[in-house]
Amino acid sequence: MKVTWEEAGWERLAPRVGRCRLPGWDCTTGLVVGEGAALLIDAGSSLAEGARLRAEAGRLLGSGLRVTHLALTHPHFDHVFGAAAFSGVEVFGAVGLDTVLDHGREELRADAVRNGLDPRGAAEAADLLVRPRHLVSGEWTLGLGGGAQVLLANVGPGHTGHDLAVLVPGAGGPEVVFCGDLVEESGEPQAGPDAVPSHWPAALDRLLDLGGEDAVYVPGHGAAVDAAFVRAQRDALAARFGVS
């Protein structure tokens, strides 16, 4: 039976656009609903979490519909380890994401365990990592039916070398930008060994150009924010890393 965003425990951001904040690391997963197609943005931190997201998305879509497309915003375990739960979907990522997932399985597994994921679950998810079939260089417009479209934009590097943002144009509501971990609200932006700090402020400039002043910006972790928050975080990162 089809349920509303609120009944499913998701936050409605705009008509046909919602997201949930996952327990543990407060990661965002987004959902954009078209006619006969739906895009999930990030897949959770484990196969079990991915399976739960698949079931919840099915309840939100109703009538036997399912997620048909998956966008991975960057190659960190808490955003990609659930992807194998979505068999048969078309998977998108920034150019180079496939190489990281091919050659970085052990590093991702170890990082997941260091951050508290069950070792057995981490090993299983690393073994079943899903490579994106569609690699985005620049921008890619994706139609979801019924006039629904999203824009996938390779705006990095920044938080990682392979950062993908998703813009959902406004249709009876605000534009929504899913930022991945280029923006964080529930803590300071995390710059790990795969970050590219010298380019991070420029990536946020591109993000702001994409969404504009009135968009809702959805961080990879934390509450939705506005353009002023993104701009302030951009300036703080520039000061932190000594770049303009």
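The values are calculated or read from the model by the stated rules, or taken from the named source; none is laboratory data. Predicted model, so just to flag it, every value in this text is computed and none were measured. Every residue, glycine as well, gets a Cβ built from its backbone with ideal geometry; the counts of neighbours run over all protein chains shown. We work out accessible area using only protein heavy atoms, side chains counted, and drop any ligands, DNA or RNA first. Shrake-Rupley method; radii C 1.70, N 1.55, O 1.52, S 1.80 Å.
Pull out a ≥ b ≥ c, the square roots of the eigenvalues of the alpha-carbon gyration tensor of region 42-183, then state rounded if a/c is under 1.5, prolate if not and a/b is larger than b/c, and oblate in the remaining case. Intermediate values should be presented prior to the final figure.
On the way: a/c = 1.95, a/b = 1.30, b/c = 1.50.
Judged from the Cα gyration tensor, region 42-183 comes out oblate (a/c at least 1.5, b/c at or above a/b).
In whole Å and largest first, what semi-axes does the C-alpha gyration tensor of the chain yield when each eigenvalue is scaled by 5 and square-rooted?
Working: eigenvalues 121, 102, 51 Å².
Equivalent ellipsoid of the chain: 25, 23, 16 Å, largest first.
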Farthest toward positive dipole pole in the chain [+1 Lys/Arg, -1 Asp/Glu at C-beta], among Phe241, Val91, Pro197: Val91
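Rounded to the nearest 0.05, what FRET efficiency do Ala236 and Arg12 have when you use their Cβ-Cβ distance and R0 = 35 Å?
On the way: r = 30 Å, r/R0 = 0.85.
Efficiency computed from Cβ-Cβ geometry: 0.75.
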Between Asn115 and Arg59, what is the spin-label point distance in nm, taking each point 7 Å from the Cα along the Cα→C-beta axis? 2.5 nm
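Taking the Cα centre of the chain as origin and charging only Cβ (+1 Lys, Arg; -1 Asp, Glu), how large is the dipole, in debye to the nearest 20? If you can, show how the numbers build up before the last one.
Details: 19 positive and 32 negative charges, 111 e Å.
So the magnitude is around 540 debye.
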Between Ser244 and Asp209, how many nm apart are label points set 7 Å from Cα along the C-beta direction? 1.6 nm
Could you report the accessible area of Val17 in Å², rounded to 10, computed with a 1.4 Å probe on the protein chains as they sit in the structure? 0 Å²
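Arrange the peptides 101-107, 202-208 so that the one whose residues have, on average, the most other Cβ atoms within 10 Å appears first.
On the way: 101-107: 14.0, 202-208: 20.7.
Taking the mean over residues of other Cβ atoms within 10 Å, the ranking is 202-208, 101-107.
Can you give the calculated 222 nm mean residue ellipticity of the chain, where each DSSP H run of n ≥ 4 adds -39,500 (n - 2.57) and the sum is split over every residue, rounded to the nearest 500 deg cm²/dmol? Mind showing how you got there, number by number?
On the way: 8 runs with 76 residues, N = 244.
Rounded to the nearest 500, the figure is -9000 deg cm²/dmol.
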Accessible area of region 128-244 divided out per residue, in Å², using a probe of 1.4 angstrom: 41 Å²
Expected sort for 85-95, 156-166 on mean C-beta neighbours within 10 Å, highest first, is 156-166, 85-95
Stretchable slack from Glu188 to His134, in nm (0.36 nm times residue separation minus alpha-carbon distance): 16.4 nm
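Using packing as a proxy for protection, rank 64-77, 32-45 so that the peptide with the highest average count of other Cβ atoms within 10 Å comes first. Working shown, then result.
Working: 64-77: 22.2, 32-45: 23.9.
Packing order, densest peptide first, comes out as 32-45, 64-77.
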In the chain the accessible area split gives carbon plus sulfur, as whole percent at 1.4 Å, a share of 50 percent
